[in-house]
Amino acid sequence: MKRVDDFRLKLGKDELVPIMIGGMGVDISTAELALVAARLGGIGHISDAMVQDVSDRRFDTSFVKEKTKFYKYNINNSDKTDIKFNLDQLAEATRLHVGKTMEAKQGSGMIFVNCMEKLTMNGPRETLKVRLESSLDAGIDGITMSAGLHLGSFGLIADHPRFRDAKLGIIVSSVRALQLFLRKNSRLNRLPDYVIVEGPLAGGHLGFGLDWAEYDLQTIITEIVQFLKAENLDIPLIAAGGIFTGSDAVSFMENGAAGVQVATRFTVTKECGLPNSVKQEYFKASEGDIEVNNISPTGYPMRMLKNTPAIGDGIRPGCESYGYLLDGNGNCAYITSYNREVAANPDAKKVSVMDKTCLCTHMRNFNCWTCGQTTYRLKDTTRKLADGTYELLSAEHVFRDYQFSVDHQIALPV
Ligand SMILES: Cc1cc2nc3c(=O)[nH]c(=O)nc-3n(C[C@H](O)[C@H](O)[C@H](O)COP(=O)(O)O)c2cc1C
């Protein structure tokens, strides 16, 4: 019976343990978590979501405070057109977050940064270019382009000296998305080094509609394998979404995948950035406590726990401090919903907004409990303690369990 460790992921000349820990913003996939994967020979992701805030927390910088001060005059204005990111500060925060992580890296594995296109930051092209370039400048091993089609993203960094040496990959949820990406980038003569195929059971934003349950990861992978074969293209595919045991991973690797990307099992590790109280919510969840809804202003469905504090909360939009989802014209779907509720309830001290959420503020405060569909199985991966809480795991324990387990076994902590 095969184990994940019987396989290796080849990225160019490099050979890795074929396990990637997926990017989880905002700082849920911390540097500490990514560093464990790299030390053990796999690939860890940090995320550049809300990087100025992450830098403030990690390095005591004051990017958010300065931005808030700068735009204070606009806080009660529903028009957010003025709120722009200072590109020098964005570059500095990214270089700090990425650079300090890379300095601490040990082992033969790699660290990538997850870069979401949907963080349009009221200036989609220029902010994305700065984010990508600064990560490359700071020595990141690779960039995973996520949450968006990224049709122009490779072009934004085509002149960067590391464009052909850094590992560049994209996340897709269909063969069509990959075809479109390859067509739009053909003139650059630079294929992605890997493609993560994310199925409907993943955490975070989904590349499917609310009919997600009608899709199946293995079917999508098989379609992509056939397409790549027909085109004579050799790009490693990484399966993601709902892979809970080493045996699940082996099954995908025996059927077209070169590796796996996993995340949910790492949300209850000590190294994960979620507060301990939230990790306990993940442990406690049953299958009926998980839903896919449309409250993210990005327009993509998102999976989360139903008792997520963000649902229904009518907080004032925090764009003067954050503004990561402003579309380039000062708009965000949450602002529209919030303004509608305020207009309908002029005397209310606080409104409730059900259809959208202020994702920046709530992700930043760990109040939007996004999770994978297998979250309800996390309680089976550890012990319940005398006080009724669940024991947190070490990331190394979970990584090695994926790497060495057979027969769908899950090793409990010793
Ligand atoms: C808490 C959480 C946050 C996530 N955030 C992001 C994100 O910011 N960007 C992204 O591309 N994927 C995100 N994902 C998706 C993961 O990177 C990964 O592809 C997926 O969850 C793997 O499936 P699994 O959780 O069933 O193992 C997130 C997943 C979780 C569980």
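Given all pairs of different Cα atoms, what value in angstroms does the Kirkwood hydrodynamic radius of segment 211-317 take?
16.6 Å
Positive end of the charge dipole of segment 51-161 (Lys, Arg +1 and Asp, Glu -1 on Cβ, about the Cα centre): tell me which of 64, 111, 146 has its Cα farthest that way.
64
Which residue fluctuates the most in the chain, going by a Gaussian network model with Cα springs under 10 Å, if the choices are 150, 45, 397?
Evaluated over the chain, the most mobile residue of the options is 397.
Any chance you could list P(r) for segment 20-59, counting all Cα-Cα pairs in 5 angstrom bins from zero, rounded to whole %?
Calculated P(r), rounded to whole percents: 6, 29, 30, 18, 12, 4.
Take the chain, connect every pair of alpha-carbon atoms lying under 10 Å apart with a spring to form a Gaussian network, then pick out the residue of 170, 196, 220 with the largest mean-square fluctuation.
220
Along the Cα→Cβ direction, 7 angstrom out, place labels at residue 365 and residue 81. What is the inter-label distance in nm?
Between residue 365 and residue 81, the simple spin-label model gives 3.0 nm.
Would you mind computing, in nm to one decimal, how far apart the modelled labels at residue 355 and residue 225 are, each placed 7 Å from Cα along Cα→Cβ?
Reported label-point gap for residue 355 and residue 225 is 4.3 nm.
In nm, give the distance between the simple-model label positions of residue 60 and residue 255, each being 7 Å from the Cα along the Cα-to-Cβ direction.
Each label point lies 7 Å from its Cα, and together they span 5.2 nm.
Compute the whole-percent fraction of alpha carbon pairs in the chain spaced more than 28 Å apart.
Everything past 28 Å amounts to 46 percent.
Specify the residue with the greatest mean-square fluctuation among 324, 73, 194, computed from a Gaussian network of the chain linking alpha-carbon atoms under 10 Å apart.
Maximum fluctuation in the GNM of the chain, among the listed residues, is at 73.
Sticking to Cα atoms, compute the Rg of segment 1-139 to one decimal and its Dmax as the biggest Cα-Cα distance, whole number, in Å.
Just the Cα atoms of segment 1-139 yield Rg and Dmax of 17.4, 65 Å.
Okay, helix-only estimate at 222 nm for the chain: each DSSP H run of n ≥ 4 adds -39500 (n - 2.57), divide by all residues, round to 500 deg cm²/dmol; what do you get?
That calculation yields -9500 deg cm²/dmol at 222 nm.
Taking the Cα centre of segment 112-213 as origin and charging only Cβ (+1 Lys, Arg; -1 Asp, Glu), how large is the dipole, in debye to the nearest 20?
The dipole magnitude comes to about 340 debye.
Within segment 323-401, which trypsin sites (Lys or Arg not before Pro) sit in a loop by DSSP and count at most 14 neighbouring Cβ atoms inside 10 Å?
When the trypsin sites (Lys or Arg not before Pro) of segment 323-401 are filtered for loop state and at most 14 Cβ neighbours within 10 Å, 349, 350, 383 remain.
Coordinate-derived values only; no laboratory data. The structure displayed is predicted, hence computed values, not measured ones. All Cβ positions, even for glycine, are placed from backbone atoms using ideal geometry, and neighbour counts span all protein chains on display.
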